[in-house]
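The values are calculated or read from the model by the stated rules, or taken from the named source; none is laboratory data. All figures in this text were calculated on a predicted structure; none of them were measured in a lab. Every residue, glycine as well, gets a Cβ built from its backbone with ideal geometry; the counts of neighbours run over all protein chains shown. In case anyone asks, the SASA skips ligands and DNA or RNA and just uses the protein heavy atoms, side chains included. Shrake-Rupley method; radii C 1.70, N 1.55, O 1.52, S 1.80 Å.
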Amino acid sequence: MPQVFDAIVIGAGAMGSAATYYLRQRGQRVLLLEQFALDHRQGSSYGHSRIIRYAYDHPEYVELAKDTFPLWFDVQDKLGEQLVVQTGGLDFGPPGEASLEATIAAMRASGLPYELLTPAEASARFPQFRLADDFKALYQPESGFVKASKAVLGHINLAKAKGAVVKEGTAVTAIDVGSNSVAVSTANEAYSAGRLIVTAGAWAKRLLQQTGLDLPLAPLRCQLNFMAPTEMAPYQAENCPVWIAHVAGLFPESIYGIPSHGGSGFKIAFHGGPAYPNPAEISREPDEENVAALRPFMRAHIPGIAGAPVRESRICLYTQTPDEHFIVDKHPEHAHVAIGAGFSGHGFKFSTTVGKMLCEIALDGDTPHNDSLFKIARFTG
Ligand SMILES: Cc1cc2nc3c(=O)[nH]c(=O)nc-3n(C[C@H](O)[C@H](O)[C@H](O)COP(=O)(O)OP(=O)(O)OC[C@H]3O[C@@H](n4cnc5c(N)ncnc54)[C@H](O)[C@@H]3O)c2cc1C
């Protein structure tokens, strides 16, 4: 006989772990199923850090960030462990660069503190960075990073402490959606529940096809690099902001980074990577060419690390939507199925809020948080 739950969550990444936590907060009997080990390195959510910021090129994300910081602080209080490290954040780039100009405009309208710095002012305050004479720079003091793996495991441990059932190494092989319940099968077990939340990351497209839904989701292979300059102090979290350079590199959008903490090394990466139809086919072996392609940028803008050795490089997956906005919505055919997918390389910071939104959409049919950008109908008409 299938084991019965109020809700089943597929995928224990940033989104599924958070959804499981909020479902338990709402007293639901919840089962979380993960195909690999918890905190594995095959998906999108593992590792040292992910940038968290208010400074965004869409006002909707600025508003969502206002909901998000307090939720993270609440989770870290419950955990008794720091998850969010606020280093300040620096956005910079050439005048007229669309995403930078939109970020400045959104901050102007936000009511939040920020400063526009000249290149000289930016380099005086952050001598690690050298900006071109015509560059613009925006500094926002509350930005920083979330400790990624700690946050994912934190949500899971809080949920387990309240009775959530978590099964790792347990891949969902089949989903059968009934009129008001869902049956889920794995290699050895069958489970049923009144609600289902699908947060399957780069695997979501194939899994959701079983429910008659084909979403435009593309897995991207992205590389992170951690640099180890001899003189590391200026690149430590206590001395250096998170940063986003709105300049084109190997990939169209930006180059970004996070200061070193806990011995991680100074993180630098391109925002983006090549697309693959199937996440299982993606090599997890980093490329030296990726770092080589970043050196000219380092020489120009962060000269102190340009010659530094690489401490470590890792591969991680984005799941890209065509407009790079998330999907946080109910299934168009099945209101008792909620979907969190397509976080396009910028979802982690919001994961505690997205988890809460998915829980609310599954239980209440709607969420009080602004989900106007995240509707499936924009793709399915
Ligand atoms: C290099 C890189 C840098 C990033 N930097 C930032 C940043 O600075 N700031 C930010 O906000 N965001 C950032 N992101 C984005 C962020 O990390 C992702 O948006 C977020 O982690 C997505 O979480 P997820 O839960 O959707 O995916 P995942 O973590 O991939 O979780 C999906 C889970 O579902 C499981 N699964 C799939 N199919 C099945 C199945 N059939 N049965 C059981 N389990 C299944 C998978 O194994 C996986 O564990 C970055 C991402 C990358 C890759």
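Could you figure out which of (1) aliphatic (A, V, I, L, M); (2) in contact with a helix residue (DSSP H, G or I) (Cβ under 8 Å, 6 or more places away or on another chain); (3) under 30 Å from S185 (Cβ atoms) isn't true of L117?
(3)
Of all residues in region 203-235, how many are closer than 30 Å to I305 by Cβ, touching a Pro at 6+ places or on another chain (Cβ under 6 Å) and not hydroxyl-bearing (S, T, Y)?
Matching residues across region 203-235 total 4.
With respect to the numbered conditions (1) assigned to a helix (DSSP H, G or I); (2) farther than 30 Å from L31 by Cβ; (3) free of Cβ contacts under 8 Å to residues at least 24 places away in the same chain, which one is the sole condition not fulfilled by D77?
(2)
Looking at (1) within 7 Å of the ligand (Cβ to nearest atom); (2) on the phi > 0 side of the Ramachandran plot; (3) open to solvent by 20 Å² or more (accessible area, probe 1.4 Å), which one does G27 not meet, given that it meets all the others?
Evaluating G27 over (1) within 7 Å of the ligand (Cβ to nearest atom); (2) on the phi > 0 side of the Ramachandran plot; (3) open to solvent by 20 Å² or more (accessible area, probe 1.4 Å) leaves (1) as the failure.
When region 204-242 is examined, which residues are found to be touching a His at 6+ places or on another chain (Cβ under 9 Å), closer than 15 Å to F126 by Cβ and among the hydrophobic types (A, V, I, L, M, F, W, C)?
A237
Identify the residue in region 142-157 that is open to solvent by 10 Å² or more (accessible area, probe 1.4 Å) and part of a helix (DSSP H, G or I) and, among all such residues, is nearest to the ligand (Cβ to nearest atom).
Ranking the candidates gives S149 first.
When only residues in region 13-24 that are open to solvent by less than 10 Å² (accessible area, probe 1.4 Å) and within 6 Å of the ligand (Cβ to nearest atom) count, which is nearest to G169 (Cα to Cα)?
G16
Could you count how many residues in region 337-364 are open to solvent by 10 Å² or more (accessible area, probe 1.4 Å) and away from the ligand (no atom under 13 Å from the Cβ)?
Summing the residues that are open to solvent by 10 Å² or more (accessible area, probe 1.4 Å) and away from the ligand (no atom under 13 Å from the Cβ) in region 337-364 gives 4.
Which one of the conditions (1) assigned to a loop (DSSP other than H, G, I, E, B); (2) near the ligand (Cβ under 10 Å from one of its atoms); (3) closer than 30 Å to A300 by Cβ does D134 fail to meet, given that it meets all the rest?
The one condition D134 does not meet is (2).
For K167, state whether it is near the ligand (Cβ under 10 Å from one of its atoms), modelled with pLDDT of 95 or more, of a type outside the set (G, A, S) and surrounded by fewer than 21 Cβ atoms within 10 Å (Cβ to Cβ).
Yes; evaluated as a whole, the condition is true for this residue.
Just checking, does region 247-254 include any residue being of a type in the set (G, A, S), farther than 17 Å from A292 by Cβ and within 13 Å of the ligand (Cβ to nearest atom)?
yes
If you take the residues of region 79-97 that are charged (D, E, K, R) and surrounded by 15 or more Cβ atoms within 10 Å (Cβ to Cβ), which of them is modelled with the highest pLDDT?
Among those residues, the one meeting the criterion is D91.
With (1) surrounded by fewer than 17 Cβ atoms within 10 Å (Cβ to Cβ); (2) at pLDDT below 95; (3) among the hydrophobic types (A, V, I, L, M, F, W, C) as the list, and A275 as the residue in question, which single condition is left unmet?
Failed condition: (2).
Restricting the first residue to region 257-274 and requiring it to be more than 12 Å from the ligand (Cβ to nearest atom), which pairs with a second residue that is assigned to a strand (DSSP E or B) and among the basic types (K, R) meet a Cβ separation below 6 Å and a spacing of at least six or different chains?
G265/R311; P274/R221
Quick check: is even one residue across region 209-218 within 15 Å of the ligand (Cβ to nearest atom), open to solvent by 10 Å² or more (accessible area, probe 1.4 Å), in a helix (DSSP H, G or I) and modelled with pLDDT of 95 or more?
Yes; the residues of region 209-218 include at least one that is within 15 Å of the ligand (Cβ to nearest atom), open to solvent by 10 Å² or more (accessible area, probe 1.4 Å), in a helix (DSSP H, G or I) and modelled with pLDDT of 95 or more.
Which residue pairs have Cβ atoms closer than 9 Å, lie 6 or more positions apart in sequence or on different chains, and pair a first residue in region 219-234 that is without any contact (Cβ under 8 Å) to a residue 12 or more places away in the chain with a second residue that is open to solvent by 20 Å² or more (accessible area, probe 1.4 Å)?
Taking only residues 6 or more apart or on different chains, the pairs are A233/N239.
Pick out the one residue from V152, V165 that is aliphatic (A, V, I, L, M), in contact (Cβ under 8 Å) with a residue 24 or more places away in the chain and farther than 27 Å from Y318 by Cβ. First the steps, then the outcome.
Working: V152 fails: farther than 27 Å from Y318 by Cβ.
Being aliphatic (A, V, I, L, M), in contact (Cβ under 8 Å) with a residue 24 or more places away in the chain and farther than 27 Å from Y318 by Cβ holds for just one of V152, V165, which is V165.
Can you find a residue in region 175-193 that is open to solvent by 20 Å² or more (accessible area, probe 1.4 Å), more than 30 Å from Q86 (Cβ to Cβ), assigned to a strand (DSSP E or B) and touching a His at 6+ places or on another chain (Cβ under 8 Å)?
Taking region 175-193 and keeping what is open to solvent by 20 Å² or more (accessible area, probe 1.4 Å), we get 176-181, 183, 185, 187-190, 192.
The next check asks that each one be more than 30 Å from Q86 (Cβ to Cβ); those that pass are 176-181, 183, 185, 187-190, 192.
Checking the rest, the ones that are also assigned to a strand (DSSP E or B) come to 176-177, 183, 185, 190, 192.
After this cut, where a residue has to be touching a His at 6+ places or on another chain (Cβ under 8 Å) as well, the list is 177.
Yes, region 175-193 contains at least one residue that is open to solvent by 20 Å² or more (accessible area, probe 1.4 Å), more than 30 Å from Q86 (Cβ to Cβ), assigned to a strand (DSSP E or B) and touching a His at 6+ places or on another chain (Cβ under 8 Å).
Kindly establish whether S49 is of a type in the set (S, T, N, Q), under 26 Å from S99 (Cα atoms) and open to solvent by less than 60 Å² (accessible area, probe 1.4 Å). Break it down into steps so the answer makes sense when it comes.
Values: of a type in the set (S, T, N, Q): yes; under 26 Å from S99 (Cα atoms): yes; open to solvent by less than 60 Å² (accessible area, probe 1.4 Å): yes.
It is true that S49 is of a type in the set (S, T, N, Q), under 26 Å from S99 (Cα atoms) and open to solvent by less than 60 Å² (accessible area, probe 1.4 Å).
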